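The values are calculated or read from the model by the stated rules, or taken from the named source; none is laboratory data. These figures come from a predicted structure and were not determined experimentally. In this analysis, Cβ positions are derived from the backbone assuming ideal geometry, glycine residues included, and neighbour counts consider all displayed protein chains. These area figures cover heavy atoms from the full protein model, side chains too; ligands, DNA and RNA do not enter into them. Shrake-Rupley method; radii C 1.70, N 1.55, O 1.52, S 1.80 Å.
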Amino acid sequence: MPGRASLLGSTRTVVGKTHALLDPASHVHGGLPGFSSDAVVVLISPPIGAGFVQFLVDLEPYEAGGSSLPGIESFLYLLAGEASADLGGRAASLSAGDFFFSPPGIEWSLRAGGSGAHAVVFQKTYARLPGVEPPSLVLGRTEEGGGRPFLGDPDALLQTFLPEEPSFDMAVNLFQFRPGASLPFVEAHVMEHGLLMLEGRGIYRLDDGWYPVVAGDAIWMAPYCPQWFAALGPTPARYLYYKDVGRHPLDGSH
Ligand code: UGY
Ligand code: MN
């Protein structure tokens, strides 16, 4: 079976209390309501200790699927292929690198085009701030060559996909590192992360572990998990990641 670990009984997958690394060779497809049973792989979810869900969607040509959970917001990023989306009655066409944010209470669905569609989705229960209206729908696309130098480093470019406004309680960002570039220090913060490596490779420090990572790997980082990344190899490394933002840790809803 292509992509499976070559040494029977061995795996790069690690699941712990502060972090998890999920090697695609460990993926098992499992149904989520709204999708056929082999269309999704749930990567990160509350049973692992996370406050959000991250899953992959793999739609065959012209296959459809969607989500309609009350109070749940979603961010979908199209990794490959093409799809048409119905976002609470609004139509959108998506190709690789396009994304949407669907506010809580909106039903969304996706229908793959002739080459199928591969996407990653982040979902969480929306935490409303008193007196602040929930956010509206956002549609956008990756800017090739875009992004701002992270903390002044032109070799580590960060693209933020959602507005930094009080109504939003999640962020999804795209990080691109030139080979040899790294996070400037070991971060430890209250926000948690769900991450998908999109391109290239590198080394991720998670708590006391050091993990070689490649495109396709997914990572969960619990709040306060010490974290650091350095890009290795001849090509840039890119990852997409989620974080919870903008809410007080005592408000109990994130
Ligand atoms: O936004 C972040 O916290 C980001 N710098 N963390 C990460 O890439 N692990
Ligand atoms: Mn971080």
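So the values come out like this:
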{"quantity": "Dimensionless Rg/Rh of the range 28-141 - Kirkwood Rh, Rg from C-alpha atoms", "calculated": "0.96"}
{"quantity": "Whole-percent pair-distance distribution, where bins are 5 Å wide, for the alpha carbons of the range 148-251", "calculated": "3, 13, 22, 26, 21, 10, 4, 1, 0"}
{"quantity": "Globularity index of the chain, i.e. its alpha-carbon radius of gyration over 2.2 N^0.38 Å", "calculated": "0.98"}
{"quantity": "Charge dipole (the chain, unit charges on Cβ, about Cα centre) - positive-most of Met197, Gly146, Pro104", "calculated": "Met197"}
{"quantity": "Alpha carbon centroid spacing (whole Å) that separates the range 81-128 from the range 175-254", "calculated": "24"}
{"quantity": "Rounded to whole Å, sorted largest first: equivalent-ellipsoid semi-axes of the range 1-87, Cα gyration tensor", "calculated": "25, 19, 10"}
{"quantity": "Average projected area [Cα convex hull, the range 65-115], square nanometres", "calculated": "3.1"}
{"quantity": "Three principal axis lengths of the range 105-200 [C-alpha, angstrom, descending]", "calculated": "44, 43, 20"}
{"quantity": "Average Cα contact separation per residue, the range 148-251, under 8 Å, 6 or more apart, as relative contact order %", "calculated": "34"}
{"quantity": "Reference-scaled alpha-carbon Rg (2.2 N^0.38 Å with N residues) for the range 172-233", "calculated": "1.03"}
{"quantity": "Translational D in µm²/s for the range 8-54 (Stokes-Einstein at 25 °C, 0.890 mPa s, Kirkwood Rh from C-alpha pairs)", "calculated": "206"}
{"quantity": "Accessible surface of Ser45 - all protein chains present, 1.4 Å probe, nearest 10 Å²", "calculated": "30"}
{"quantity": "Largest to smallest accessible area among Lys17, Lys124, Lys243 [probe 1.4 Å]", "calculated": "Lys17, Lys243, Lys124"}
{"quantity": "Alpha-carbon Debye profile of the range 212-254, log10 I(q)/I(0) at 0.15, 0.25, 0.29, 0.31 Å⁻¹", "calculated": "-0.55, -1.07, -1.28, -1.36"}
{"quantity": "Positive minus negative residues near Ala39 (Lys, Arg vs Asp, Glu; Cβ under 9 Å)", "calculated": "-4"}
